[in-house]
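The values are calculated or read from the model by the stated rules, or taken from the named source; none is laboratory data. These numbers come from a predicted model, not from an experiment. No Cβ is skipped: glycine too gets one built from the backbone with ideal geometry, and neighbour counts run over all protein chains shown.
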Amino acid sequence: MADAPATPQPEATQSKAGRNLPVAIAAGVVLGGLCIASLAWQKWLFIPLAVVALWIGITEIANGFATRGIRISTWPLLVAVPVIGWAAYVHGPQAFLAVIAALVLVILVWRLWGGTEDYVRDTTASVFVAGYIPLMLGFAILTLRADDGAWRIVAFIALTIGSDIGGYAAGVLFGKHPMAPTISPKKSWEGFAGSVIFQVAIGVGLFVTVLSGQWWEGVLAGVILTITATLGDFIESAVKRDLGITDMGSIIPGHGGLLDRLDSLIPNAFVSWAVFTAFLGS
């Protein structure tokens with residue numbers, strides 16, 4: 001007697017974007033809640049939280065490069081992260097940039113112990129990671145260092161997550177025209193427009209209330225940070241496609257790796273610092 005056909009098992013509910021949306025939202029809420037709690041209690045507590053997050057991110061990207069046989073100087077990068085956070089918060093931009101320069105030199109020396117084969121490839125990749133993760137941390141901490149630094153960090157995070165939310169909603173509802181199909185095929189121009197609209201609303205609200213700025217500064221901040229958040233997504237997508245991986249990790253259900261969640265925040269750390277400094281002062 002022939003076996004009965006197997007009953008199809010229901011798949012986990014996923015959005016058109018390919019994520020388990022309820023789990024993804026829950027993960028985002030938890031991460032955002034930790035950031036807000038640290039800033040509300042003592043703003044400097046944001047630094048160890050950011051350090052731990054970037055330690056995980058560095059480990060994830062090192063594992064990703066390892067799939068292609070590229071050896072990242074992981075230990076110098078991990079050690080540098082808290083030093084950069086301390087230097088930026090306590091001593092300011094010159095000290096933080098000096099630590100970055102020292103990190104690059106240490107990377108070049110560290111890899112010598114592995115011999116000359118693939119030396120240029122490995123050190124280039126390590127310096128890329130240094131500029132991609134620890135350097136951006138320094139600018140986030142410089143933002144925190146301002147008198148109203150806690151609110152600036154809230155604005156930096158809101159004006160990055162807002163791009164994801166607005167783009168996701170508009171993309172699912174109206175998305176038809178891909179922005180960069182070979183890099184991130186699910187990003188659409190309609191979604192980008194939704195991001196801009198949502199970000200401008202957030203920017204204006206933040207600038208005229210907690211940041212004590214002008215409404216037009218909020219408009220510009222919303223537009224600029226939408227562009228750089230989108231570019232951050234493209235950058236990480238390009239890295240993952242080049243490495244032949246789908247996600248940087250699997251630590252966050254519904255999102256993949258932690259670095260997959262930070263892709264837009266990384267470039268916006270620098271750009272938000274520059275925007276806030278230009279409009280609000282240091």
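Identify, from the list Ala155, Ala125, Ala170, the residue that is free of Cβ contacts under 8 Å to residues at least 40 places away in the same chain and crowded, with 17+ Cβ neighbours inside 10 Å.
Being free of Cβ contacts under 8 Å to residues at least 40 places away in the same chain and crowded, with 17+ Cβ neighbours inside 10 Å holds for just one of Ala155, Ala125, Ala170, which is Ala170.
Out of Gly138, Gly131, Gly162, Gly167, report the one residue that is modelled with pLDDT under 95, closer than 18 Å to Glu236 by Cα and in contact with a helix residue (DSSP H, G or I) (Cβ under 6 Å, 6 or more places away or on another chain). Before the answer, list the steps.
Values: Gly138 fails: closer than 18 Å to Glu236 by Cα; Gly131 fails: in contact with a helix residue (DSSP H, G or I) (Cβ under 6 Å, 6 or more places away or on another chain); Gly162 fails: closer than 18 Å to Glu236 by Cα.
Exactly one residue qualifies, and that residue is Gly167.
If you go through region 240-248 one residue at a time, do you hit one that is more than 22 Å from Gly138 (Cβ to Cβ), buried (at least 18 other Cβ atoms within 10 Å of the Cβ), without any contact (Cβ under 8 Å) to a residue 60 or more places away in the chain and in contact with a helix residue (DSSP H, G or I) (Cβ under 6 Å, 6 or more places away or on another chain)?
no
For a quick check of your reading of the model, give me the residue pairs whose first member lies in region 202-217 and is crowded, with 19+ Cβ neighbours inside 10 Å, whose second is of a type in the set (Gly, Ala, Ser) and not in a helix (DSSP H, G or I), with beta-carbon atoms closer than 7 Å and at least 6 apart or on different chains.
Every condition considered, the pairs that remain are Phe207/Gly213.
For (1) in contact with a Pro (Cβ under 9 Å, 6 or more places away or on another chain); (2) hydroxyl-bearing (Ser, Thr, Tyr), each residue gets a yes or a no:
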site	(1), (2)
Tyr89	no, yes
Gln94	no, no
Ala98	no, no
Val129	no, no
Ile133	no, no
Gly138	yes, no
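List the pairs whose first member sits in region 83-110 and is in the same structural domain as Thr123 (by TED's automatic domain parsing) and of a type in the set (Ser, Thr, Tyr), whose second member is surrounded by 14 or more Cβ atoms within 10 Å (Cβ to Cβ) and in a helix (DSSP H, G or I), and whose Cβ atoms are under 9 Å apart, counting only residues at least 6 apart or on separate chains?
Partner pairs satisfying both residue conditions: Tyr89/Trp44; Tyr89/Ile47; Tyr89/Phe96; Tyr89/Ile141; Tyr89/Leu142; Tyr89/Leu144; Tyr89/Arg145.
Would you mind stating whether Trp216 is out of contact with any Leu (no Cβ under 6 Å at 6 or more places or on another chain), modelled with pLDDT under 95 and more than 19 Å from Tyr132 (Cα to Cα)?
No.
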